[in-house]
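Visitor: Below is the structure I would like to discuss, written out as structure tokens.
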Amino acid sequence: MHKLSTRQRTLASAIEFSGYGVHSAQPANLKISPAPADSGFMICRALGDGKTTPPVKVHFSRVSRTTLCTTVDLGDSVSVATIEHVTSALSGMGVDNALITIDGSECPILDGSARPFCEAILSVGLEIQPAQRKFLKIMRAVTVRNNDAFAALEPYNGRSLDLEIDFDSKVIGRQRMIFDWTPRRYFDDVSRARTFGFARDAKILRQAGYALGSSLDNSITVHENRVLNPGGLRYEDEFVRHKLLDAIGDLSLGGLPIWGRFRSYKGGHALNAHVLSGLFSSEANYEIVNAEDLPLEYQAFEEQPEGLAVNPYLRSVR
């Protein structure tokens, strides 16, 4: 195993995005910058006139709403919605530390997937930091339920997700995906999966203030027995892959990458947040372990997405 695979990583330089929120339809500019070792994912909001809120951890304890997306509370009545695609891209691509700065109340939806964020990470590369990566090792199974739906975190010697969805729709139906995480597999098999919805729900959602920015450019739209998007699906089972994308983003709010298995049936943002709360409800459920104490061979450099530069540590990130 390459020794550097156990070290923390941040972006080699900042990346920027502009767009609008899928729910609010409001414009937003988003910047993801390098951050110091051991800082995790931090977020702040630019309020105008040169004022910015103090950076805070993107953490499950700050989740204030989980209806159709994950919203985090930054304090002083400031929040940011639809954070999960950004954190999914960072976590999925193997980034440990980053500072997210946004000037709106919702992250830009872009094309509805994590791919634009991943491609930007690919374009700048990552930088190794002089601190060892740490993991949340699941020691005891934790399960949360809502009727027949559930989410669980279980002991497992690796990083695995097992998701199943079941929709009353001939287009979607019942789909399952078992995913053993590596950055390459995330980039190739998950990152392009887009958010989705049903044409029959559009009016009700918009009356409730959701999906105001949704379109065929950023969402898969299902109408009766067909997909309305002109290009069709990016993956045959794109629906369950997007749920997996969301879960990776939501679970990153635990603060450290998880060493264990996540299982979910008919899950979503609420259950993802609740299972993290359940995990941290007892210190017997987890241990914080160093990367050097885990079998991380699969995280060697050949498991990076093709073209991703991972630079040796050269300088301090301030």
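The values are calculated or read from the model by the stated rules, or taken from the named source; none is laboratory data. All values derive from a computational prediction rather than experimental measurement. Glycine also receives a Cβ, built like all others from the backbone with ideal geometry; neighbour counts cover every protein chain displayed. In case anyone asks, the SASA skips ligands and DNA or RNA and just uses the protein heavy atoms, side chains included. Shrake-Rupley method; radii C 1.70, N 1.55, O 1.52, S 1.80 Å.
Visitor: If the Cβ limit is 6 Å and pairs must be 6+ apart or interchain, which residue in the range 143-171 that is touching a residue at least 40 places away in the same chain (Cβ under 8 Å) pairs with which residue that is of a type in the set (Asp, Glu) and loosely packed, with under 14 Cβ neighbours inside 10 Å?
Guide: From the range 143-171, the pairs are Ser160/Asp180.
Visitor: Here are some conditions: (1) modelled with pLDDT under 95; (2) open to solvent by less than 80 Å² (accessible area, probe 1.4 Å). Val227 meets all but one. Which one does it not meet?
Guide: With (1) modelled with pLDDT under 95; (2) open to solvent by less than 80 Å² (accessible area, probe 1.4 Å) applied to Val227, the lone miss is (1).
Visitor: Among the helices (runs of 4 or more DSSP H) contained in the range 191-303, which hold 3 or more residues that are over 25 Å from Gly94 (Cβ atoms) and either of a type in the set (A, V, I, L, M, F, W, C) or free of Cβ contacts under 8 Å to residues at least 40 places away in the same chain (or both)?
Guide: The helices (runs of 4 or more DSSP H) meeting that bar are 202-207.
Visitor: Then there is this: Quick check on the range 115-131. Is at least one of its residues over 15 Å from the mean Cα position of the chain (by Cα), assigned to a loop (DSSP other than H, G, I, E, B) and under 24 Å from Ala273 (Cβ atoms)?
Guide: Within the range 115-131 (the criterion being over 15 Å from the mean Cα position of the chain (by Cα), assigned to a loop (DSSP other than H, G, I, E, B) and under 24 Å from Ala273 (Cβ atoms)), the answer is no, since none of the residues qualifies.
Visitor: Yes or no: the range 123-140 includes at least one residue that is over 27 Å from Gly158 (Cα atoms) and in contact with a strand residue (DSSP E or B) (Cβ under 8 Å, 6 or more places away or on another chain).
Guide: yes
Visitor: Could you look through the range 135-160, keep only residues that are among the charged types (D, E, K, R) and more than 18 Å from the chain's Cα centre (by Cα), and pick out the one that is most open to solvent (accessible area, probe 1.4 Å)?
Guide: Among those that are among the charged types (D, E, K, R) and more than 18 Å from the chain's Cα centre (by Cα), it is Arg145.
Visitor: Consider Leu11 carefully, then state whether it is over 26 Å from Arg194 (Cα atoms) and not aromatic (Phe, Trp, Tyr).
Guide: It is false that Leu11 is over 26 Å from Arg194 (Cα atoms) and not aromatic (Phe, Trp, Tyr).
Visitor: Follow-up question, since we're still on this one. Just one of Arg7, Arg45 is touching a strand residue (DSSP E or B) at 6+ places or on another chain (Cβ under 8 Å), modelled with pLDDT under 95 and surrounded by 19 or more Cβ atoms within 10 Å (Cβ to Cβ); which is it?
Guide: Details: Arg45 fails: modelled with pLDDT under 95.
Exactly one residue qualifies, and that residue is Arg7.
Visitor: Further question: So which strands (runs of 3 or more DSSP E) stay within the range 7-82 end to end and still have 2 or more residues that are without any contact (Cβ under 8 Å) to a residue 24 or more places away in the chain?
Guide: Numbers: elements: 7-11, 15-20, 27-34, 41-48, 63-65, 71-75, 78-80.
In the range 7-82, 63-65, 71-75 are the strands (runs of 3 or more DSSP E) which contain 2 or more residues that are without any contact (Cβ under 8 Å) to a residue 24 or more places away in the chain.
Visitor: Which of the numbered conditions does Leu296 fail, given that it passes all the others? Conditions: (1) at pLDDT below 95; (2) open to solvent by 10 Å² or more (accessible area, probe 1.4 Å).
Guide: (2) is the only condition that Leu296 fails.
Visitor: If Arg174 satisfies all but one of (1) within 19 Å of Phe117 (Cα to Cα); (2) surrounded by fewer than 21 Cβ atoms within 10 Å (Cβ to Cβ); (3) touching an Asp or Glu at 6+ places or on another chain (Cβ under 8 Å), what's the number of the condition it fails?
Guide: Just one mismatch for Arg174, condition (1).
Visitor: Suppose we filter Thr101, Thr71 for residues that are modelled with pLDDT of 95 or more, over 14 Å from Asp250 (Cβ atoms) and touching a Lys or Arg at 6+ places or on another chain (Cβ under 7 Å); which single one remains?
Guide: Criteria check complete, one pass: Thr101.
Visitor: Residues to consider are Phe239, Phe187, Phe196; find the one that is under 21 Å from the mean Cα position of the chain (by Cα) and open to solvent by less than 10 Å² (accessible area, probe 1.4 Å).
Guide: None of the others qualify; the one that does is Phe239.
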